[in-house]
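Just so you know, all these numbers are worked out from the coordinates, no wet-lab data involved. Only a predicted model underlies this, so the values are computations on that prediction, with no experimental measurement involved. Cβ sites come from the backbone with ideal geometry, for glycine too, and all protein chains shown count toward neighbours.
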Amino acid sequence: MESNSALPVRIEQVGTLRDLGSILRRLYGEGHYEEVLERAGAYLWIAELFGDWETARAVVQSHSYALTELGRYAEAEAMSWDLLRRAVSRVGRAKASADMADVLSRMGRLEEGLHQLAAAMTTLESCPRDAWYFAAMSSVAEASRWAELYELADQATTAEPRSEITDHMRRVIRDLQRAEALLEWGLRLDHVGRREEAEVRFRDVIALTRPWLDPDADPDSQLGSDQAMLGALLACGLAKTGAAAEARELAVSVIPDLHADGRHFDARLAHLAYGLALSSMGKYDKAARELIAAEQLCALAGAARHRLIFQFELALVAAESEPSMATRHLLAAVRAHAEQLWRLRLDRVAMLRQARRRVQLEADHKTADTAAQTDPLTRLANRRGFDRRMATLTADARTVNDPLCLLLVDVDNFKQINDTFSHAIGDAVLREIGHTLRSECRASDLPARFGGDEFGVFLATDMATATRIAARMRTGIRDHDWHKIALGLRVTVSMGLAPLLPGMTSDELFAAADSQLYAAKRAGRDRLAA
């Protein structure tokens with residue numbers, strides 16, 4: 001192996017492979033997005049080299065998040081699809097769907113984003129309320145905020161009681177996420193004339209952020225780069241509730257830190273707070289400059305509605321500084337635009353409900369279809385499921401380069417087992433064989449019972465690996481403690497294995513595997529022919 005001296009972190013510097021994912025999560029949390037991109041490729045290579053797929057998934061996730069924060073949405077979308085492919089649990093798929101919804105919403109593909117968000121929420125309904133569930137709900141909250149579904153974002157953010165969060169950084173991130181969503185919600189309410197409701201959100205922002213910045217609250221608290229973001233959010237809440245002097249002082253103190261950390265998009269909120277404070281003090285020219293700076297920073301990763309927020313505040317400053325018919329018309333036009341977008345936002349709530357109904361119907365159809373293709377005795381695919389997979393092979397052989405092998409399995413002397421021990425014992429044998437085959441299969445494989453004592457397994461791998469898997473299956477069946485089912489019972493199987501070759505049809509693949517199966521039987525049974 002070549003020297004790894006060129007890698008961002010030497011392997012020997014990492015305590016375990018899982019530390020690779022932790023390093024990227026820390027860098028992402030600190031806003032070092034470019035550094036995440038620089039390291040992700042090498043870290044993924046290391047994780048996959050050692051077969052640590054959980055670490056590989058964590059690396060891809062951090063990579064996707066960094067691309068999203070940098071506004072590189074097309075690349076983030078590709079990474080999100082990769083995360084969906086890598087997800088192996090229901091909650092993992094739900095989180096990946098929510099992350100995909102976030103990216104699609106930022107790209108303006110709202111209908112697709114809402115469908116993915118609905119899929120995530122539907123899946124999470126049947127997941128246990130553990131740490132993975134709440135991590136997925138955090139992704140739901142972020143996707144909801146970008147789709148302007150503020151009610152859902154707040155509900156998702158508060159799904160886990162704060163008192164039960166023992167990890168310090170998780171509490172910081174949760175409060176930051178909720179405060180940012182509440183601030184945007186409050187600003188939008190303010191701009192459509194719902195000032196009392198907006199005031200409640202602004203005060204909630206203050207209540208969430210001020211305790212973190214109190215030096216006497218937790219002297220050991222380590223906020224890192226999040227301290228400046230907390231300050232920006234608090235300054236906005238203060239500016240919108242009349243505490244202009246405090247807001248101005250706080251905004252001025254955090255603007256340099258946010259820019260120094262490369263968090264330019266987050267810095268928009270500090271510039272907003274500074275502009276709002278200056279406007280309250282009657283310094284309209286300086287306020288306009290800060291609000292223009294905030295609007296320009298939205299071009300880095302913001303949506304159209306973000307720019308509208310600053311444009312609205314600019315229109316207010318213009319109306320205050322130079323009252324005239326022109327500025328009144330300008331303010332009226334911007335307000336009408338804000339009200340129109342708010343009505344569209346309410347329509348989006350109905351769209352999400354419709355998307356959830358569609359997802360539920362699709363899930364019900366898939367469940368019914370899966371049941372129709374499942375053997376009730378072994379819980380493997382039945383003849384219908386086997387035939388459906390076979391029907392796809394001819395097309396796959398022409399268009400897909402991924403390897404595939406077909407393993408055929410027959411129980412040796414199964415009729416004798418039924419005649420000697422009873423059909424009930426025969427059924428128990430088939431169930432145990434089905435369990436053994438399924439336990440050796442991966443998510444990409446498909447085990448099936450397509451006849452009485454006839455099994456087939458589609459192994460999505462190369463011939464060498466498939467041979468090792470089949471050998472484990474055969475010895476696992478032979479060495480099973482069959483005496484627990486019936487004294488004197490002994491069960492073995494014969495197996496035939498064949499690879500799907502370029503241009504080969506499904507009938508040709510089956511014939512090749514079947515030929516090997518009969519070779520195994522002729523050679524004395526209880527063996528694998530490949």
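Below is a table of values for the structure above.
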{"item": "Value in Å of the Kirkwood radius, where the stretch 326-389 supplies the Cα pairs that are averaged", "result": "16.0"}
{"item": "Structure-based [θ]222 nm, the chain - -39500 (n - 2.57) summed over DSSP H runs of at least 4, per residue, nearest 500", "result": "-23500 deg cm²/dmol"}
{"item": "Residues residue 337 and residue 465, FRET efficiency given R0 of 41 Å [Cβ-Cβ distance, rounded to 0.05]", "result": "0.10"}
{"item": "Sequence-distant residues sharing a close amide H with residue 404 (under 5 Å, placed H)", "result": "461, 500"}
{"item": "Surrounding net charge for residue 489, when Lys and Arg each add one and Asp and Glu each subtract one, Cβ distance under 15 Å", "result": "-3"}
{"item": "Cα gyration tensor of the stretch 161-322 - equivalent ellipsoid semi-axes, whole Å, descending", "result": "26, 17, 15"}
{"item": "Rg [Å, one decimal], Dmax [Å, integer] - the stretch 383-529, C-alpha atoms", "result": "15.3, 51"}
{"item": "Reach of residue 283 by Cα under 28 Å, taken over lysines that are not fewer than 8 positions away in the same chain", "result": "240"}
{"item": "For the stretch 75-81, 3J(HN,Hα) per residue [Karplus equation, 6.51 cos²θ - 1.76 cosθ + 1.60, θ = phi - 60°, Hz, x = Gly/Pro]", "result": "5, 5, 4, 4, 5, 5, 5"}
{"item": "Net charge of Cβ neighbours under 13 Å - reference residue 336; Lys, Arg +1; Asp, Glu -1", "result": "+2"}
{"item": "Quarter of the Cα convex hull surface for the stretch 264-360, i.e. its orientation-mean projected area (nm²)", "result": "7.4"}
{"item": "Kirkwood Rh and Cα Rg combined as Rg over Rh, evaluated for the chain", "result": "1.11"}
{"item": "Partners for residue 484 among lysines (Cα-Cα distance below 25 Å; same-chain residues under 8 apart left out)", "result": "415"}
{"item": "Cβ-based exposure ranking for 163, 324, 97, in which fewest neighbours within 10 Å come first", "result": "163, 324, 97"}
{"item": "Residue-count net charge about residue 130 - beta-carbon cut-off 15 Å; Lys, Arg +1, Asp, Glu -1", "result": "0"}
{"item": "Cα-based convex hull, the stretch 327-456, per residue volume (Å³, whole number)", "result": "178"}
